[in-house]
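Let me begin by presenting the structure, written as structure tokens, before commenting on it.
Nothing in this text is a laboratory measurement; each read-out follows from the coordinates by a stated rule. Quantities reported herein were computed from a predicted structural model and do not represent experimental measurements. Methodologically, a virtual Cβ is constructed for each residue, glycine included, from the backbone with ideal geometry; neighbour enumeration extends over all protein chains shown.
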Amino acid sequence: MEGRKIHKRIKPVLSHLGVILLAGAGFGAAVGYFTPMGYPTAISMTLGCAAGIHIFQTLAEAYLYPRFENFPRGRKLIFQQATSLLAHILGWLLPIWIVSIIIGFSLFRGEVLVWLGIFIGIVLIIHLTHQAVNFYRELREKDLLEEKLKTLAAQAELKALRAQINPHFLFNSLNTIASLVNINPPKAEEAVERLADIFRYALSSSDKEFVTLRDELDFIDSYLEIEKARFGDKLKVSKDISPEILGTSIPSLVLQPLVENSIKHGSAENGEIRMQVTGFVAGDWVEVEVKDEGKGVPEDIRRGIYTNGTGLTNVNERLKKVYGDQCGLEIKENTPRGTVAVVTIPREKE
């Protein structure tokens, strides 16, 4: 296993070296043909430059590039390019100097400097271009990965927020049924059937980010039937939903906390709870309102829905995470009394 890892690391290095040496030999043959330098000298020079450049560049990538990883993107590329340029210069000069000593000729001969300058220029341009392309490809892949991770994190957070809501209202529903078992068994049985509908909806929507507004409202009807079994005729609910928005996609389980909150804070002095659920188009937005005529939500709770609590806070956070800051939940006073909870989402374009 360890041998395979070493082989995988060495193979691209040797392959790259082979390509450079082959290019150096070809370029050296051309230099030997067009100049009086001769084939042996020209090929020796270009092969030495090719090998030197490869060695210094490999050392730079192994020992210097890792030091640039934490730099800002632009600064990282500049340092990599500067290091690569230095590696090419050293890889060019050192072999020429060594070969010139071995063969015995002047390092400063005009034809030597011109042709080898052309060679190093071509190699440097190719290498720096390749390096820049790889750099931006890696950045693009990194950006795509970061975006994917952000999406997965947002989805996981939304699921966590939704999971906080589900046990909350299911627990309250079970308490309602328990209170009816002894005093009104038929209503308790009907409430159990409604609770079964709630369970089916909650389970089926657990893997769905969105449902239609029609399905969400049907779910609310099942929930309200359980509450009516508890409050009897004191709970009066009316609905006025524009038919054109029933097919609108909406995050699942966002309306139930509004209805629950209205029941909790919407009772009048005589104990009645009058609730109205409306839905309509408002320009580029769809608004769903849950109104009551009770004493109203206390000011501290109304101020704190964006920072604390469970149900209403989570609804607001989910809407903003899905649609942005222009959407969300707003709790305001009803006229002449009571509370209005407003959910705002974008209108779907036809």
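May I ask you to compute the full-extension gain from residue 97 to residue 184, defined as 0.36 nm times their residue separation minus their alpha-carbon distance, rounded to one decimal in nm?
21.0 nm is the gain from fully extending residue 97 to residue 184.
Using Cβ contacts closer than 10 Å as the measure, can you line up 275, 45 from fewest to most?
275, 45
What length, rounded to one decimal in nm, is gained on full extension from residue 141 through to residue 208, with 0.36 nm per residue of separation minus their alpha-carbon distance?
21.3 nm is the gain from fully extending residue 141 to residue 208.
What is the spin-label model distance, in nm, from residue 73 to residue 192 if the labels are put 7 Å beyond Cα along the C-beta direction?
6.1 nm
Collect residues whose amide H, placed 1.01 Å from N in the peptide plane, falls under 5 Å from the amide H of residue 334; neighbours closer than 5 in sequence don't count.
The answer is 339, 340.
When the chain is fully extended, how far beyond the present Cα-Cα distance does residue 89 get from residue 171, taking 0.36 nm per residue of separation? Could the numbers behind the result be given before it?
Values: separation 82, 0.36 × 82 = 29.52 nm, distance 7.43 nm.
That works out to 22.1 nm of additional length.
With 10 angstrom as the radius, rank 133, 290 by how many other C-beta atoms surround their C-beta, starting from the fewest.
Ordered from fewest to most neighbouring Cβ atoms within 10 Å, 133, 290 come out as 133, 290.
Residue by residue, what Karplus-based ³J(HN,Hα) values in Hz, rounded to whole numbers, does segment 183-200 have, using 6.51, -1.76 and 1.60 with θ = phi - 60° and x for Gly and Pro?
Calculated HN-Hα couplings, in order: 8, 8, x, x, 5, 5, 5, 5, 5, 5, 4, 5, 5, 4, 4, 5, 4, 4 Hz.
Would you grab the residues whose amide H sits under 5 Å from the one on residue 235? Only those 5+ places off in sequence or on another chain, please, with H modelled 1.01 Å from N.
The list, which skips near neighbours in sequence, is 273.
By counting other Cβ atoms within 10 Å of each Cβ, how are 140, 274 ranked from fewest to most?
Values: 140 10, 274 18.
By the 10 Å Cβ count, ascending: 140, 274.
Return the Rg/Rh ratio of segment 181-346 with Cα-based radii and a Kirkwood Rh. Provide the component values of the computation, followed by the final result.
Values: Rg = 15.8 Å, Rh = 16.5 Å.
Rounded to two decimals, Rg over Rh is 0.96.
Of the cross-linked pairs 234/291; 228/332; 76/142; 239/264; 187/332, which ones have a Cα-Cα span greater than 23 Å in the structure shown? Before the final figure, lay out the partial values.
Numbers: 234/291 16 Å; 228/332 25 Å; 76/142 15 Å; 239/264 19 Å; 187/332 34 Å.
From the list (234/291; 228/332; 76/142; 239/264; 187/332), the Cα-Cα distance tops 23 Å for 228/332; 187/332.
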